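Shown next, in structure tokens, is the structure this report addresses.
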Amino acid sequence: MRILALSYEYPPLGGGGGVALAHSARAWAALGHQVTLVTSGATGLAAYEQLGSVALYRLPVLARHARATASLASLLSFPLAALNFVGKQQWQRSDFDLILSGFAIPSGVAGVILARAWRRPHVVWVMGGDAYDPSKRLSPHRLPLLKQTVAQVLNRSQAIITMSHDMAQRVAQIYRPATPIHVVPQGLALAPYAPQPRSGGPVTVVCVARLVRRKRMAELVQAVAELPPQSVRLIIVGEGPQYGPLQELIASHALSDRVQLVGYVSDEEKLALLRCADIFALVSEHEGFGLVYLEAAAQGLPIVAGRVGGQTDFLRHGVTGWLVAHDQPRQLKAALAALVAQPALRAWMGQQALQMAQRYEITRVADDFLKVLYDTEQRWKTFAA
């Protein structure tokens, strides 16, 4: 199959949605499919890369200055940039079998227009915040114009894919599309399980995330601050608009010896930090899926996560770790305290998490995604004939 994928975010820009597409594109290419991917560019990133059988094009967009978050200007300019680029490339409908948009907006706007012009099937991959983000005043589900735009993209597509049942339910309830919704869990090219020997000292809790309000980092810092000083330390990996406020919070509570903000790190550095940790904690207000939980679980870490969101498809309370309410600090503190105090419980939950993560190896789930694409293409051909 020849797939043209449009996604306004792709590593190192953005978060889990772009990472999901990157893992999937490589897996599809490894299975013999042709993948052409068009995404946003930024200073210091190559305009073109050939990643095995994946052709990656990065386009200049307005005001994309940060890796972790997109500006409104960059969001609005991506559809026009993508359509203009495709036109200049002189690609034709015969070059591709299907168009896939990662994110309903802004990518899906360009995807729908291009699919109609080329008379090709369009599949939209709803990632999470492109349809629902409870922490944002400007979330698409709250603004009539954005809500209508998302609904139009969904209804003018031939298939909708979500990563979790949580997102499928929210898309169905909020936007009520006539287009069929398929739940396909995301997989990862999981790094080998290679825990590092522990040398005593405080228990290490690690959190990897974009530093945005939805991730509720301040509550995690507060919970660690209330645990016995010599028992635990926290390492926060990531960047974003909450970096400065977190620095101030850590300083105001004199926690610099217990809480470390390391900012952006490479994939190799992130893996090394996970392998040296004892617990992974990220209690977001909502996650569309939560790829980072799988990355942590693949290194045998027990997980403390929120009990609302896509991660509830694969994380089990009391088995792979604890699921707590994001707005109940006492629950978060109690979950961390239990794991810090009980090494045997940490080890058992970590092994349960490891076994779970192995079921989401990308080679195991790529076929499920491709089946949706293939079936959509075949239905389109039948309809077009």
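The rows are residues; the columns are (1) buried (at least 18 other Cβ atoms within 10 Å of the Cβ); (2) β-branched (Val, Ile, Thr); (3) not assigned by TED's automatic domain parsing to the domain that holds Gly16.
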residue	(1), (2), (3)
Gly129	yes, no, no
Ser135	no, no, no
Pro144	no, no, no
Met163	yes, no, no
Pro195	no, no, yes
Arg198	no, no, yes
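Condition check ((1) touching a residue at least 40 places away in the same chain (Cβ under 8 Å); (2) touching a strand residue (DSSP E or B) at 6+ places or on another chain (Cβ under 8 Å)) across all residues:
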residue	(1), (2)
Arg2	yes, yes
Pro12	yes, no
Gly16	yes, no
Trp28	yes, yes
Gly32	no, no
Gly41	no, yes
Ala46	no, yes
Arg58	yes, yes
Phe85	yes, yes
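The set of residues from segment 329-385 being among the charged types (D, E, K, R) and over 19 Å from the mean Cα position of the chain (by Cα) comprises Arg330, Lys333, Arg346, Asp367, Lys371, Asp375, Glu377, Arg379, Lys381. Can you tell me which residue among Ser157, Ser101 is assigned to a strand (DSSP E or B) and in contact with a helix residue (DSSP H, G or I) (Cβ under 8 Å, 6 or more places away or on another chain)? Answer to the check: Ser101. Scanning segment 109-129 for residues that are in a strand (DSSP E or B) and touching a helix residue (DSSP H, G or I) at 6+ places or on another chain (Cβ under 7 Å) yields His122, Val123, Val124, Val126. A search for C-beta distances below 8 Å between a residue of segment 157-173 that is over 19 Å from Leu291 (Cβ atoms) and any residue that is in a helix (DSSP H, G or I) and among the hydroxyl-bearing types (Ser, Thr, Tyr), counting only pairs 6+ apart in sequence or on different chains, returns Gln158/Thr376; Ala159/Thr376. In segment 319-344, the residues that are free of Cβ contacts under 8 Å to residues at least 24 places away in the same chain and surrounded by 18 or more Cβ atoms within 10 Å (Cβ to Cβ) reach residues that are among the hydroxyl-bearing types (Ser, Thr, Tyr) and assigned to a helix (DSSP H, G or I) with C-beta atoms within less than 7 angstrom, at least six apart or across chains, in these pairs: Leu323/Thr312.
Of all the residues in segment 285-305, those that are farther than 19 Å from Val171 by Cα, in contact (Cβ under 8 Å) with a residue 60 or more places away in the chain and within 15 Å of the chain's Cα centre (by Cα) number 5. Just one residue in the set Arg67, Arg93, Arg2 is basic (Lys, Arg) and surrounded by 18 or more Cβ atoms within 10 Å (Cβ to Cβ); that residue is Arg67. Restricting attention to segment 99-150, the residues that are farther than 21 Å from Arg210 by Cβ, among the aromatic types (Phe, Trp, Tyr) and under 23 Å from the mean Cα position of the chain (by Cα) total 0. Contact annotation: residue pairs with Cβ atoms under 9 Å, 6 or more positions apart or on different chains, pairing a residue in segment 263-278 that is over 19 Å from Arg346 (Cβ atoms) and without any contact (Cβ under 8 Å) to a residue 60 or more places away in the chain with a partner that is part of a helix (DSSP H, G or I) and not aliphatic (A, V, I, L, M), are Gly263/Tyr243.
Can you tell me which residues in segment 49-63 are of a type in the set (Ser, Thr, Tyr) and under 12 Å from Val38 (Cβ atoms)? Scanning segment 49-63 gives a single hit, Tyr57. For segment 345-373, taking the residues that are free of Cβ contacts under 8 Å to residues at least 60 places away in the same chain and small (Gly, Ala, Ser), the one that is nearest to His317 (Cα to Cα) is identified as Ala353. For segment 360-381, the condition of being modelled with pLDDT under 95 and more than 30 Å from Ala30 (Cβ to Cβ) holds for none of the residues.
Residues that are of a type in the set (A, V, I, L, M), at negative phi and either in a strand (DSSP E or B) or not assigned by TED's automatic domain parsing to the domain that holds Ala151 (or both) are absent from segment 168-178.
Counting only residues that are touching a Ser or Thr at 6+ places or on another chain (Cβ under 8 Å) and at pLDDT 95 or above, segment 117-129 holds 6 of them. Counting only helices (runs of 4 or more DSSP H) that sit wholly inside segment 317-385, those with at least 1 residues that are acidic (Asp, Glu) and not assigned by TED's automatic domain parsing to the domain that holds Ile279 are 362-384.
Can you name the residue in segment 8-29 that is in a loop (DSSP other than H, G, I, E, B) and under 11 Å from Gly102 (Cβ atoms) and is also nearest to the chain's Cα centre (by Cα) among such residues? The qualifying residue nearest to the chain's Cα centre (by Cα) is Gly14.
Counting the residues of segment 294-309 that are over 13 Å from Ala191 (Cα atoms) and in contact with a strand residue (DSSP E or B) (Cβ under 8 Å, 6 or more places away or on another chain) gives 7.
The values are calculated or read from the model by the stated rules, or taken from the named source; none is laboratory data. The model shown is predicted, which means the values in this text are computed figures rather than measured ones. When we count neighbours, we look across all protein chains shown, and the Cβ atoms used for this are built from the backbone with ideal geometry, even at glycine.
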